[in-house]
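The values are calculated or read from the model by the stated rules, or taken from the named source; none is laboratory data. Everything quoted here is computed from the prediction, not taken from an experiment. Cβ placement follows ideal geometry from the backbone for every residue including glycine, while neighbour counts extend to all protein chains displayed. For the accessible areas, the whole protein counts, side chains as well, though only heavy atoms, and no ligand, DNA or RNA atoms are used. Shrake-Rupley method; radii C 1.70, N 1.55, O 1.52, S 1.80 Å.
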Amino acid sequence: IASAALTAAAASATSRVPTPAEVLGFEPGSERRLMDYGELTGYLQRLDAASDRIEMRQVGVSPLGRPMYVAFISAPANLARLDELRAVNRRLALDPEIPEGERETLLAGARVFVMQTLSMHSGEVAPSQALPISAHALATTEDPAVLGQLADVVLMVVPSHNPDGMDMVVEHYRKYLGTPYEGSSLPGVYHRYVGHDNNRDFVALTQEDTRVISRLYSTEWYPQVLVEKHQMGSTGPRYYVPPNH
């Protein structure tokens with residue numbers, strides 16, 4: 001009886017979580033449809049309100065003033081002690097003098113943090129456009145294997161590494177949809193100050209969006225895994241691993 005009640009409660013909770021299509025009006029990835037940054041973050045905020053597996057936090061602003069967020073996706077018990085887990089991560093990352101017994105205690109209560117930043121190059125639309133699908137799946141799944149992963153891992157997702165460029169690219173695509181210029185490249189750069197080379201700014205950290213993301217992994221959360229999700233081109237995948245320099 002107790003098991004049936006829990007199953008019913010879980011089913012009721014997931015039924016209240018809106019799908020991307022219900023909020024956006026189309027299924028992400030549909031032909032000739034792109035969501036803009038406001039629609040993307042608006043959907044994630046709806047998930048935050050409906051699911052106890054997702055927590056959105058604003059972490060800064062873009063060079064053109066758009067709010068930048070991290071979506072934390074994990075088991076509810078982990079999100080309930082998110083700031084405690086952050087403090088543990090910082091201690092483990094920075095303190096080489098932790099006594100062995102205390103270190104083992106910290107590790108036992110710690111979680112693995114996996115950070116993803118999406119679509120730094122805004123013409124590579126796929127990662128940001130796909131996020132609502134994966135976020136909804138993680139918010140509603142009852143797969144025991146995935147639930148086990150959420151218990152062990154805190155996923156940190158930056159919905160768009162370059163919010164300003166995302167809106168530039170989407171606005172351009174929508175403007176010329178149904179014309180001979182549909183699908184053309186943006187006739188300009190998608191970052192106000194550094195153009196396509198916004199990834200090179202991690203050398204000098206001159207841009208606010210770059211500094212926001214650098215703070216997340218360098219001085220604030222110390223994730224054990226960092227993945228910058230681009231979009232594969234026609235020549236196949238490319239992989240880069242540390243040391244970054």
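Expected output is a single nm value to one decimal: the length gained when fully extending between Arg103 and Leu177, i.e. 0.36 nm times separation in residues minus the C-alpha distance. What is it? Numbers along the way, then the final one.
Values: separation 74, 0.36 × 74 = 26.64 nm, distance 5.69 nm.
Full extension of this stretch gives 21.0 nm more.
Rank Met168, Met56, Met156 by accessible area, highest first, at a 1.4 Å probe radius?
Working: Met168 50, Met56 25, Met156 0 Å².
In descending accessible area the options line up as Met168, Met56, Met156.
For the chain, what is the accessible area per residue in Å² when the probe is 1.4 Å? List each step's numbers first, then the result.
Details: 13190 Å² over 245 residues.
With all protein chains present, the chain gives 54 Å² per residue.
Between Asn199 and Leu147, what is the label-point separation in nm under the 7 Å Cα-to-beta-carbon projection?
In this crude spin-label approximation the distance works out to 3.8 nm.
222 nm [θ] for the chain, helices only, -39500 (n - 2.57) per DSSP H run of 4+, per residue, to 500?
Working: 10 runs with 106 residues, N = 245.
Per the formula, -13000 deg cm²/dmol.
Where the only charges are on Cβ atoms (+1 Lys, Arg; -1 Asp, Glu), what is the dipole of the chain about its Cα centre, to the nearest 20 debye? Spell out each step's value before the answer.
On the way: 21 positive and 29 negative charges, 58 e Å.
Roughly 280 debye for the chain.
Rank by packing, highest mean first: peptides 71-83, 116-128, 43-55, with packing defined as the count of other Cβ atoms within 10 Å averaged across residues. Display every interim value, and only then the final one.
Values: 71-83: 17.2, 116-128: 22.6, 43-55: 19.8.
Put in order of decreasing packing, that is 116-128, 43-55, 71-83.
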